[in-house]
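A.B. asks: Here you go, one structure.
Every number here is computed from the coordinates shown, using simple stated rules; none is lab data. This structure is a prediction, so every number in the text was calculated from the model and none was measured. In this analysis, Cβ positions are derived from the backbone assuming ideal geometry, glycine residues included, and neighbour counts consider all displayed protein chains.
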Amino acid sequence: MTLHPMHAIFLSLVALLFTSGCKTLDTQAMEPPRYTIIGPDGSEVSQEALFEEALRADVVLVGETHDNPSAHHLEYALLKGLIERRTTKGKPPLVALSLEMLARDLQPVTDEYLTGLITELHFMAASRPWGNYSRSYRKMINLAKEKGAPVIAANAPRRYVNLVAREGKEALTRLSPEALGWIAPLPYKEASPVYRAKLKALEERFKEKNSEKPENPSPHGEIPAKKPSGINPDSQALWDATMAWSIAEARQKSPETLVMHITGAFHCEGGLGIPEHLALYAPSASVLIITIRPPQMGEPLPPFQSNLPVREYTVQTK
């Protein structure tokens, strides 16, 4: 079969980006990460103690800043450790990797890649990968593929989050039955008062810095390039509810499987966001939160905590 010239150019560009990303990943892999792990009681704990705590949970929510290499080192080590400890010879591991970085409409192409039906090149071309995919998340997905662990495309497609921001959550009722399957069931729970207060505090922080480059993470864990025009609580809740629903679905299909979900820290720290929705969708699941903070965060937001009985470990990277 002869490729259309534009298709050939596109695939060549993807291959170039892919190769570049691999080199970046290899370079970072040689740099040992440095971090301090703080337990719920404020005491410093070892990485092994953190991993043992994670093993006892049904769901492990890992909140990161997306451009923090040390966070990705720890996430890979945690996933590898969980898989090694929850694998019986001759059977797939009882661990699933769940990702904010993949939307639910990408689950079929993700499964095609995991089963070897399509190549990694075509997976990348079809899965709308984040700019830091190759150096930050590729290694974890390939580990899951190698070991036979499921990968959950957990997030709501951005186009629907944008729809809510523009027209309100009522606009979601106009989606097709197929599209409704790519978000949390309607109506999803609104953002809690505490979470709204946290969003408001973040928005005020951006306003204070107005002409400066913001030093604090956005609601999605990365360092934004500019101040956002506003944070819509309903669109934010759609993100959180959909990721929680994806985790709960995975637990329903395989109750014995531990789900490790990677997301921006704002979506889970303090027990707010995803944990609040997960308490509705999977109330019996035990949840552990691991919040990984970057070396320099600037002045942090005031502490916001939910009333959920969720244990949270903080990892301060250096």
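A.B. asks: I'd like to check which helices (runs of 4 or more DSSP H) are fully inside the stretch 129-168 and have at least 3 residues that are within 19 Å of residue 244 (Cβ to Cβ).
C.D. replies: Ranges flagged: 158-167.
A.B. asks: If we keep just the residues of the stretch 108-127 that are closer than 18 Å to residue 157 by Cβ and of a type in the set (Val, Ile, Thr), which is surrounded by the most Cβ atoms within 10 Å (Cβ to Cβ)?
C.D. replies: 110
A.B. asks: Go through the stretch 264-306 and give me each residue that's among the polar types (S, T, N, Q), in contact with a helix residue (DSSP H, G or I) (Cβ under 8 Å, 6 or more places away or on another chain) and assigned to a loop (DSSP other than H, G, I, E, B).
C.D. replies: Answer for the stretch 264-306, where residues must be among the polar types (S, T, N, Q), in contact with a helix residue (DSSP H, G or I) (Cβ under 8 Å, 6 or more places away or on another chain) and assigned to a loop (DSSP other than H, G, I, E, B): 305, 306.
A.B. asks: Same structure, new question: Mind checking which residues of the stretch 240-273 are of a type in the set (D, E, K, R) and within 29 Å of residue 294 (Cα to Cα)? Explain how you work it out, then say what you get.
C.D. replies: So in the stretch 240-273, the residues of a type in the set (D, E, K, R) come out as 240, 249, 251, 253, 256, 269.
Of everything in the stretch 240-273, those that are of a type in the set (D, E, K, R) and within 29 Å of residue 294 (Cα to Cα) turn out to be 240, 269.
A.B. asks: Listed residues 190, 100, 146; which is surrounded by 13 or more Cβ atoms within 10 Å (Cβ to Cβ) and under 30 Å from residue 51 (Cα atoms)?
C.D. replies: Numbers: 190 fails: under 30 Å from residue 51 (Cα atoms); 146 fails: surrounded by 13 or more Cβ atoms within 10 Å (Cβ to Cβ).
Just a single option satisfies the conditions, and that option is 100.
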